[in-house]
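K.L.:
Input: one structure, supplied below.
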Amino acid sequence: EREREEADRRQEEARRRRDTLASAVETFVKAVKADGLRTVAATEAVLRREFLGQALKRVRKTEERDGKTMTAWVREWHPGADVLWSERPVFEIRKHDVVERLDIIKAARGPHAARGALAAIRRFFNWCAEGERYGIEVSPCAGMSDKKTLRIKRHQLMRQHVLTDADLSDVWKAADGFGYPFGAMVKLLLLTGQRRSDIAEARKPELDLEAKLLRIPPERYKTHAAHEVPLTPLALGIFEGLQSFTGPYLFTTTGGRRPISGISKYMERLHKTI
């Protein structure tokens with residue numbers, strides 16, 4: 001009996017060691033995507049970048065479609081030079097490990113990055129603890145907060161810079177050099193003051209040129225309430241001048257099938273241009 005119990009214990013221990021953070025994050029992302037969590041992409045990006053040491057890379061993909069060979073560039077997550085916690089068993093990660101990692105992030109990239117990292121890893125471990133997944137019964141992030149754990153004061157999170165008219169002019173002129181779809185998207189963000197996803201993921205049925213409105217559907221908001229954005233003549237002119245595709249998305253590089261991607265790369269180029 002004791003030998004069987006010991007064998008079961010060793011088997012369970014071996015299983016837990018196979019459950020690395022990298023594999024657990026993959027499972028977590030699939031699960032929350034299935035639940036329709038709106039912020040899953042942002043949470044996934046932080047977990048992969050700050051805790052798995054991964055980076056997005058452009059990869060050329062080829063697939064057969066309707067007897068034709070289609071080639072497109074897509075962005076995928078790949079291991080970086082430092083794999084960080086990728087191979088660490090999930091059940092071995094303790095509170096002091098998380099605090100130490102957050103301190104490193106804060107020192108390297110500031111309080112905003114540390115705050116985002118805490119939110120992402122806390123969400124992951126809460127999911128683990130809720131189902132007692134990977135041997136986690138109590139999240140190592142339990143009781144952690146911006147104020148107590150990260151020692152971040154409110155004034156440190158306040159954005160100090162407000163764009164002047166000259167700043168806005170620089171951004172507008174830089175956007176001219178990009179054209180469609182990124183340049184047009186940036187100009188509409190300036191004109192409407194909306195979230196990036198509200199414009200980047202806009203679809204044809206959401207645009208009402210007669211009523212001069214962009215109607216953002218409720219499923220795109222946490223509150224599940226529709227949002228109407230009034231459009232100025234200049235904004236209307238940009239929308240009217242967009243390229244037309246068979247797919248539903250207005251800002252796209254895939255014929256309207258998917259919204260614009262690779263925005264972080266565009267943003268890097270925009271900042272350099274400015």
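K.L.:
Yes or no: Ala113 at pLDDT below 95, open to solvent by 40 Å² or more (accessible area, probe 1.4 Å), in a helix (DSSP H, G or I) and out of contact with any strand residue (DSSP E or B) (no Cβ under 8 Å at 6 or more places or on another chain)? Full working, then the answer.
P.N.:
Numbers: at pLDDT below 95: yes; open to solvent by 40 Å² or more (accessible area, probe 1.4 Å): no; in a helix (DSSP H, G or I): yes; out of contact with any strand residue (DSSP E or B) (no Cβ under 8 Å at 6 or more places or on another chain): yes.
No; evaluated as a whole, the condition is false for this residue.
K.L.:
Count, please, the residues in the stretch 26-54 that happen to be open to solvent by 40 Å² or more (accessible area, probe 1.4 Å) and at pLDDT 80 or above. Write out each step before concluding.
P.N.:
From the stretch 26-54, those open to solvent by 40 Å² or more (accessible area, probe 1.4 Å) are 26-27, 30, 33-38, 41-42, 49; that's our starting set.
In the following step, the residues that additionally are at pLDDT 80 or above were identified as 26-27, 30, 33, 41-42, 49.
Final tally of qualifying residues: 7.
K.L.:
Can you say whether Ile93 is of a type outside the set (Lys, Arg) and either within 14 Å of Leu150 (Cβ to Cβ) or loosely packed, with under 13 Cβ neighbours inside 10 Å (or both), as far as the supplied structure shows?
P.N.:
Here the answer is no, as Ile93 does not meet what is asked.
K.L.:
For Glu76, state whether it is open to solvent by 60 Å² or more (accessible area, probe 1.4 Å), outside any helix (DSSP H, G or I) and free of Cβ contacts under 8 Å to residues at least 60 places away in the same chain. Lay out the reasoning, then the answer.
P.N.:
Values: open to solvent by 60 Å² or more (accessible area, probe 1.4 Å): no; outside any helix (DSSP H, G or I): yes; free of Cβ contacts under 8 Å to residues at least 60 places away in the same chain: yes.
It is false that Glu76 is open to solvent by 60 Å² or more (accessible area, probe 1.4 Å), outside any helix (DSSP H, G or I) and free of Cβ contacts under 8 Å to residues at least 60 places away in the same chain.
K.L.:
So the check is Cβ under 8 Å with 6+ separation or different chains; which pairs have a first residue in the stretch 258-272 that's within 13 Å of Glu201 (Cα to Cα) and in a helix (DSSP H, G or I) and a second one that's at pLDDT 90 or above and open to solvent by 60 Å² or more (accessible area, probe 1.4 Å)?
P.N.:
Ile263/Arg196
K.L.:
Check the stretch 224-232 and report whether any residue there is touching a residue at least 60 places away in the same chain (Cβ under 8 Å) and among the β-branched types (Val, Ile, Thr).
P.N.:
Restricting attention to the stretch 224-232, the residues satisfying the condition of being touching a residue at least 60 places away in the same chain (Cβ under 8 Å) are none.
No, the stretch 224-232 contains no residue that is touching a residue at least 60 places away in the same chain (Cβ under 8 Å) and among the β-branched types (Val, Ile, Thr).
K.L.:
When you look at Val162, is it modelled with pLDDT under 90, loosely packed, with under 13 Cβ neighbours inside 10 Å and outside any helix (DSSP H, G or I), yes or no? Quick ask: steps written out before the conclusion?
P.N.:
On the way: modelled with pLDDT under 90: yes; loosely packed, with under 13 Cβ neighbours inside 10 Å: yes; outside any helix (DSSP H, G or I): yes.
Considered against the rule, which asks whether it is modelled with pLDDT under 90, loosely packed, with under 13 Cβ neighbours inside 10 Å and outside any helix (DSSP H, G or I), Val162 comes out as yes.
K.L.:
Continuing with this model, one more query. Answer with yes or no whether Lys173 is out of contact with any Lys or Arg (no Cβ under 8 Å at 6 or more places or on another chain), farther than 22 Å from Ala41 by Cα and either small (Gly, Ala, Ser) or surrounded by 14 or more Cβ atoms within 10 Å (Cβ to Cβ) (or both). Walk me through it before giving the result.
P.N.:
On the way: out of contact with any Lys or Arg (no Cβ under 8 Å at 6 or more places or on another chain): yes; farther than 22 Å from Ala41 by Cα: yes; either small (Gly, Ala, Ser) or surrounded by 14 or more Cβ atoms within 10 Å (Cβ to Cβ) (or both): no.
Spelling it out, it is not the case that Lys173 is out of contact with any Lys or Arg (no Cβ under 8 Å at 6 or more places or on another chain), farther than 22 Å from Ala41 by Cα and either small (Gly, Ala, Ser) or surrounded by 14 or more Cβ atoms within 10 Å (Cβ to Cβ) (or both).
K.L.:
While we're looking at this one, here's another question. Which condition breaks for Arg196 when tested against (1) open to solvent by 70 Å² or more (accessible area, probe 1.4 Å); (2) in contact (Cβ under 8 Å) with a residue 60 or more places away in the chain; (3) under 21 Å from Thr246 (Cα atoms); (4) not small (Gly, Ala, Ser)?
P.N.:
(3)
K.L.:
Follow-up. Quick one: is Val83 surrounded by 12 or more Cβ atoms within 10 Å (Cβ to Cβ), modelled with pLDDT of 85 or more and closer than 22 Å to Tyr266 by Cβ? Give the steps one after another, and end with the answer.
P.N.:
Details: surrounded by 12 or more Cβ atoms within 10 Å (Cβ to Cβ): yes; modelled with pLDDT of 85 or more: yes; closer than 22 Å to Tyr266 by Cβ: no.
When the stated conditions are applied, Val83 does not pass them.
K.L.:
OK, next. Residues being assigned to a helix (DSSP H, G or I), surrounded by fewer than 16 Cβ atoms within 10 Å (Cβ to Cβ) and modelled with pLDDT of 90 or more: count how many of those fall in the stretch 120-138. Don't jump to the end; show me each part of the working.
P.N.:
Step one: list which residues in the stretch 120-138 are assigned to a helix (DSSP H, G or I), which gives 120-130, 133-135.
Of the ones still in play, those that are also surrounded by fewer than 16 Cβ atoms within 10 Å (Cβ to Cβ) are 126, 130, 135.
Checking which are modelled with pLDDT of 90 or more leaves us with 126, 130.
Number of matching residues: 2.
K.L.:
Continuing with the same structure: Out of Glu240, Glu228, Glu219, Glu201, which single residue is in contact with a strand residue (DSSP E or B) (Cβ under 6 Å, 6 or more places away or on another chain) and not polar (S, T, N, Q)?
P.N.:
Result of the check over Glu240, Glu228, Glu219, Glu201: Glu228.
K.L.:
Provide a single number: the residues in the stretch 199-257 that are outside any loop (DSSP other than H, G, I, E, B) and open to solvent by 90 Å² or more (accessible area, probe 1.4 Å).
P.N.:
Number of matching residues: 9.
K.L.:
Kindly provide the set of residues from the stretch 165-184 that are at pLDDT below 90 and more than 25 Å from the chain's Cα centre (by Cα), ordered by number. Walk me through how you get there before you give the answer.
P.N.:
Within the stretch 165-184, the subset at pLDDT below 90 is 165-167, 179.
Result: Asp165, Ala166, Asp167.
The values are calculated or read from the model by the stated rules, or taken from the named source; none is laboratory data. From a predicted model like this one, the values you see are computed outputs, not experimental measurements. Note that each Cβ is placed from the backbone with ideal geometry, even for glycine, and that neighbours are counted across all protein chains shown. These area figures cover heavy atoms from the full protein model, side chains too; ligands, DNA and RNA do not enter into them. Shrake-Rupley method; radii C 1.70, N 1.55, O 1.52, S 1.80 Å.
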